[in-house]
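Structure first, then comments.
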Amino acid sequence: METALAGLVAAFFATSIYLLLSRHLIRVLIGVAILGNAVNLLLFTSGRLTREVPAFIGLDEMVPAPGVANALPQALILTAIVISFSFFAFLLVLGYRAYQELGTDDTNGMRIAEPRSEPPPPMGY
Amino acid sequence: MRTLIFRTVAPYIASLMLLFSIFVLLRGHNDPGGGFIGGLIGASGLAIYGLACGVATVRRAIRVHPMSIAGIGLILAALAGILSLPAGVPFMTGLWVYPTILGSEAALSTPMLFDIGVYCVVMGAITSIALCLEEYDGD
Amino acid sequence: MTSETHDWIFLAAAAPFLAALVAPVLHRLLGARAGWVLALVPFAIFLQFASLVPLVAAGGTATAAADWLPAYGVRLSYFIDGLSLVFALLISGIGTLIVVYAGGYLAGHPQLGRFFSFILMFMGAMLGLVIADNLIALFIYWELTSITSFLLIGFDHSRAASRRAALQALLVTGGGGLALMAGVLLIASVTGTKEMSEVLASGDVLRNSLLYVPILLLVLGGAFTKSAQFPFHFWLPNAMEAPTPVSAYLHSATMVKAGVYLLMRLQPVLGDTVLWMTILPLFGAVTLLVGTLLAVRQTDLKLMLAYTTVASLGLLVLLTGTSSEKAIEGAVLYLFAHSLFKGALFMVAGIIDHEAGTRDVTKLGGLRKLMPITFAAALVGAISMAGLPVMIGFVAKEVLYEGLLGSSIWLLAAAVAGNALMLVIGFAVALKPFLGPEVHTPKHAHEGPPALWLGPVVLGLVGLASALAVGTTGSLLLGPMAAAVFGGPVESDLHLIPTYISAPLLLSILTVILGVGAFLALDRLRDLVARALKVIGWGPDRGFDQVVSVIVRFSAVLTRSIQGGRLEVYMTVTLALVALTLLLPMGLTGTWPAMPAMPEPTFYEAGVILIALLGLAAVVAARTRLTAIVSLGIQGFAVALIFMLFGAPDLSFTQFMVETLSVVILTLAMTRLNLAERDHRPSSQRLLDGTIAITCGAGFGLILLAVTQQAFDRRLTDFFDAYSRTIAHGRNVVNVIIVDFRGLDTLGEIAVVMITGLAILAVVRLSGRRRVPVVPEPEQVVASRHSRGAETVR
């Protein structure tokens, strides 16, 4: 089953990178959102898959039954999901503000930090 | 989006979701749930409330700024770690007490306090983001 | 040989830095009088070091050591022998006078506190440099002197000339410092020790090493830049932009001698080879002649002195390079004498500048009545500089001539010519401003306050006293120093008055005759040198400007070509490299994952994967923003279902919530973003992007496949499974990991969530009020319109 998910992970990465390479701000943002999912799935799959047996300990047991899902990647991903969401929101607001200020959603048009015709550097001391 | 039905139902949905979020938070240590999920449910509830009845209503209803909730949460989480200092054990060691409240034994612990902190941070921060975007009229 | 451990050396090494800390506060409290108080620090250091004189004179050494970075063999170790001791005494002694002098010279300057701070820091660095035993510590002190020198030269940072001089000094000496570091590391690797005292005891190891030539060249790179040897001499005259106390202290008496110190220090282990005895005398002689000739050209008192400093440093390098006993004794004597008279003369030049308002020798005259004390001090300094009796400079010159007698006639000729010209400059500085008719000066000249003339007077008296009691000076101070430089006992028999008519005496007389002749023809000589320089028309100083300009232009071009300002180019390069990084190692080593068995998904699993793929395809193909948002939601929910199917209900739950919220806020933002949701890329661009995307995707997929085909290391998982309930009392293992086992991580993560929340608030709030109107450049709008075809620009 890992093989199928590896293929899916490849598809997630390919999609997100294709969108990231766009000059369109909103596509880049969507690409970032998908990238988060791609990485989470990558982590999840590399911790091996277990069908439908969550990592819980029975009421009367002290350790989980053998064959439960791997809890460690889950713990890592859980926080990652929330963090990638908050970053996605931040990027969204940032992109939105940039669009408002600069009047363009084309990353090529956003040249405040690196203007097209930069003055030559000062030659004095 | 502000239909009459939505506006009428939204406060009930929101309060139910908040209640549910606390339930999810508290059962988290032993069953599916926890601070992250609880916080997200709570934030969604407030976001829905805001969509239906306007951001100002939500802000009035929760009284404090959502980022203050997040700040309190962060302090709680840090406090959960620092409590190990007077106990003389390394930072963030889990400490448990079992007081009897109203005749039944309750398990209180620093991990639980920590989880409440997580809940507050996630709920506060995400609510703040959502409300911010909802009320931001742009131009 | 006895070796004593003295822990006060640590305190002495740290004291100047501590004094530098309190200097600004003290200045605020006491004003310029703080100089007298602060001078107590170097004075106390001086007395402490003076207490070591009997020990060192008897052939002993003093040490102190503590571990610093034991893992790297770096120790804070100090080692004081004859060479270190004389340097330490000069640094702390002249330092005392300079601090007092600075208080008088810069009285009323608002930044005097900072100046005290810098100069005390420099003192600490210089002191550490000459007493450091550990090679790494020595290098650090070496660089510290460069940095403090930079701060001091650029003290008057509002003038461009100061800034240029400071930068120039830093680049030249700092560059040499890097060479020195490489040399020091090579020395450490060849000798197997990082302690200078052990390196010195290693005998012929360095000389016989295959790395001798690179070591020598690297060390010389450090020493020649620091001690301003031709062709690196140009920074030193420019450094005269610094206030005069700095010129007197750093650029004549102490710092510029650090290079000479290094050469003297390593002479026993690096010297006495053909290479050493060729390079050093050659560069030393050229520097001596170039320095004196350029000095003749100048009319500014400080510049005249600065060029003769260059010349004197050349003479010292020349003498050290002969590796002969007598010449080294001459070098040691001359170094001592030079520090005294040059420091004094610089201070005199400063007093004249301070009281008369100009340093131009052609605009000064007749000051002897107005400034008698200064005149006396100047005269004493000039006599020593000219090498006339009864000053220590005379003794030095006799001994160095004697030392050079055995070597090549050319070196001797260079030394005689150089000394004759130095006599000219010495008297030009000491006589011209004071003798002759009184000239109108910018300021009404009068004698300076005691703080100013104390320094030159004391230095002059020391020069005189050390000459009168030259036998004692020799046996107590300079004999041990020469022995340390020579690397063996030195026969020292010094006399103030020559006992018989010898060759050195005749050479001295020749020098004086040549010098007096040149002094009388000074103006003609000056014109001659000026004309010669005009013919050459290029010097290393201008070369420095050219190099800097080329570097700045080159870096501007480089930056513009690498950072063209186009995000998609950055992304393309980065991601193409990611694809290469993922696939290249597997391709090169041939470790592709094995052909996997066909997966057997259940009905639900197949369905969910299919939904995810459809969602992804729909996102890429979406033509309206609503389609895009909905498709984005679909792939997210599909991921949530996958988590659900593989035993991660918590994840699934979280993912559902997050995807819902994402769709909501995306909708909120997108209704306002008002974007046409169509891919703008031309098909060739799409092909390239698609190739990169698919290659990257395949890379990640293959890596994941390879990982899952490895045996699974369950240790961590087993740990969490075993202890989740037993010690953390939780049945939900995932939650226990988050809030308990890895709680510190989570604390950091929620802090990040909090910060993004604040950042969003800031971005939204700030923007609304303060609007910065941005006018897009006209051609840019046209270009973007063009590239986007029919799309509308808002």
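The values are calculated or read from the model by the stated rules, or taken from the named source; none is laboratory data. Keep in mind the model is a prediction, meaning the values are calculated, not measured. Methodologically, a virtual Cβ is constructed for each residue, glycine included, from the backbone with ideal geometry; neighbour enumeration extends over all protein chains shown. Only protein heavy atoms, including side chains, enter the accessible area calculation; ligands, DNA and RNA are left aside. Shrake-Rupley method; radii C 1.70, N 1.55, O 1.52, S 1.80 Å.
Things to note:
- Helices (runs of 4 or more DSSP H) wholly inside the stretch C:266-368 that include at least 3 residues being under 22 Å from residue C:528 (Cα atoms) and open to solvent by 10 Å² or more (accessible area, probe 1.4 Å): C:274-297
- Hits in the stretch C:366-389 (condition: modelled with pLDDT under 90 and of a type in the set (Phe, Trp, Tyr)): none
- In the stretch C:492-523, the qualifying residues are those that are of a type in the set (A, V, I, L, M, F, W, C) and outside any helix (DSSP H, G or I), and the one that is nearest to residue C:289 (Cα to Cα) is C:521.
- Residue-level analysis places residue C:90 outside the set of residues that are closer than 20 Å to residue C:7 by Cβ and either under 23 Å from the mean Cα position of the chain (by Cα) or not in a strand (DSSP E or B) (or both).
- Residue A:89 vs. criteria in a loop (DSSP other than H, G, I, E, B) and open to solvent by less than 10 Å² (accessible area, probe 1.4 Å): no
- Any chance residue A:9 is of a type in the set (Val, Ile, Thr), assigned to a helix (DSSP H, G or I), at the interface with another protein chain (Cβ under 7 Å from one of its Cβ atoms) and under 16 Å from the mean Cα position of the chain (by Cα): yes
- The condition (being touching a residue at least 24 places away in the same chain (Cβ under 8 Å) and open to solvent by 10 Å² or more (accessible area, probe 1.4 Å)) is satisfied by just one residue among C:411, C:423, C:404, C:400: C:411.
- Selection count where residues are more than 7 Å from chain C (Cβ to nearest Cβ), of a type in the set (Gly, Ala, Ser) and under 25 Å from the mean Cα position of the chain (by Cα), scope the stretch A:40-85: 3
- Any chance residue B:109 is facing another protein chain (nearest Cβ under 8 Å), surrounded by 22 or more Cβ atoms within 10 Å (Cβ to Cβ) and of a type outside the set (Phe, Trp, Tyr): no
- Filtered residue count, the stretch C:5-15, keeping only those that are buried (at least 18 other Cβ atoms within 10 Å of the Cβ) and out of contact with any Ser or Thr (no Cβ under 9 Å at 6 or more places or on another chain): 2
- Top-ranked residue in the stretch C:678-711 [being in contact (Cβ under 8 Å) with a residue 60 or more places away in the chain and more than 7 Å from every other protein chain (Cβ to nearest Cβ); ranked as farthest from residue C:627 (Cα to Cα)]: C:709
- The one condition in (1) in a helix (DSSP H, G or I); (2) open to solvent by 20 Å² or more (accessible area, probe 1.4 Å); (3) touching a Lys or Arg at 6+ places or on another chain (Cβ under 8 Å); (4) not polar (S, T, N, Q) that residue C:113 fails to fulfil: (2)
- Members of the stretch B:94-106 that are buried (at least 16 other Cβ atoms within 10 Å of the Cβ) and more than 7 Å from chain C (Cβ to nearest Cβ): B:95
- Test: residue in the stretch C:579-591 that is in contact with a helix residue (DSSP H, G or I) (Cβ under 7 Å, 6 or more places away or on another chain), within 22 Å of residue A:105 (Cβ to Cβ) and surrounded by 20 or more Cβ atoms within 10 Å (Cβ to Cβ): no
- Selection count, the stretch C:426-435, where residues are open to solvent by 10 Å² or more (accessible area, probe 1.4 Å) and either at pLDDT 90 or above or under 17 Å from residue C:337 (Cα atoms) (or both): 1
- Among the criteria (1) open to solvent by 30 Å² or more (accessible area, probe 1.4 Å); (2) at the interface with chain C (Cβ under 7 Å from one of its Cβ atoms), the one residue B:118 does not fulfil is (1).
Okay, residues lined up against (1) in a loop (DSSP other than H, G, I, E, B); (2) open to solvent by less than 50 Å² (accessible area, probe 1.4 Å); (3) facing chain C (nearest Cβ under 7 Å):
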{"site": "B:37", "(1), (2), (3)": "no, yes, yes"}
{"site": "B:52", "(1), (2), (3)": "no, yes, no"}
{"site": "B:57", "(1), (2), (3)": "no, yes, no"}
{"site": "B:68", "(1), (2), (3)": "no, no, no"}
{"site": "B:74", "(1), (2), (3)": "no, yes, yes"}
{"site": "B:77", "(1), (2), (3)": "no, yes, yes"}
{"site": "B:89", "(1), (2), (3)": "yes, no, no"}
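- Boolean, residue C:355 is under 18 Å from residue C:434 (Cβ atoms), in contact with a Lys or Arg (Cβ under 7 Å, 6 or more places away or on another chain) and of a type outside the set (Lys, Arg): yes
- Screening residue C:146 on (1) touching a residue at least 12 places away in the same chain (Cβ under 8 Å); (2) surrounded by fewer than 19 Cβ atoms within 10 Å (Cβ to Cβ) shows it passes everything except condition (2).
- Pick from the stretch C:712-740, criterion open to solvent by 70 Å² or more (accessible area, probe 1.4 Å) and outside any helix (DSSP H, G or I), ranking: farthest from the other protein chains (Cβ to nearest Cβ): C:713
- Residue check, residue B:131 touching a Ser or Thr at 6+ places or on another chain (Cβ under 9 Å) and either open to solvent by 20 Å² or more (accessible area, probe 1.4 Å) or more than 7 Å from chain C (Cβ to nearest Cβ) (or both): no
- Odd one out for residue C:156, checked against (1) open to solvent by less than 50 Å² (accessible area, probe 1.4 Å); (2) touching a Ser or Thr at 6+ places or on another chain (Cβ under 6 Å): (1)
- For the stretch C:205-228, a tally of residues being part of a loop (DSSP other than H, G, I, E, B), out of contact with any Leu (no Cβ under 7 Å at 6 or more places or on another chain) and touching a residue at least 12 places away in the same chain (Cβ under 8 Å) returns 1.
- Residue in the stretch C:227-243 that is within 30 Å of residue C:354 (Cβ to Cβ), surrounded by 17 or more Cβ atoms within 10 Å (Cβ to Cβ) and over 20 Å from the mean Cα position of the chain (by Cα) present: yes
Conditions tested, residue by residue: (1) open to solvent by 50 Å² or more (accessible area, probe 1.4 Å); (2) modelled with pLDDT of 90 or more; (3) within 20 Å of residue C:289 (Cβ to Cβ).
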| position | (1), (2), (3) |
| --- | --- |
| C:490 | no, no, no |
| C:525 | no, no, yes |
| C:554 | yes, yes, no |
| C:560 | yes, no, no |
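- Taking helices (runs of 4 or more DSSP H) as the structural unit, those lying wholly within the stretch C:7-67 and holding at least 2 residues that are among the small types (Gly, Ala, Ser) correspond to C:8-30, C:34-38, C:40-50.
- From C:496, C:478, C:533, C:520, residue being modelled with pLDDT under 90 and out of contact with any helix residue (DSSP H, G or I) (no Cβ under 8 Å at 6 or more places or on another chain): C:520
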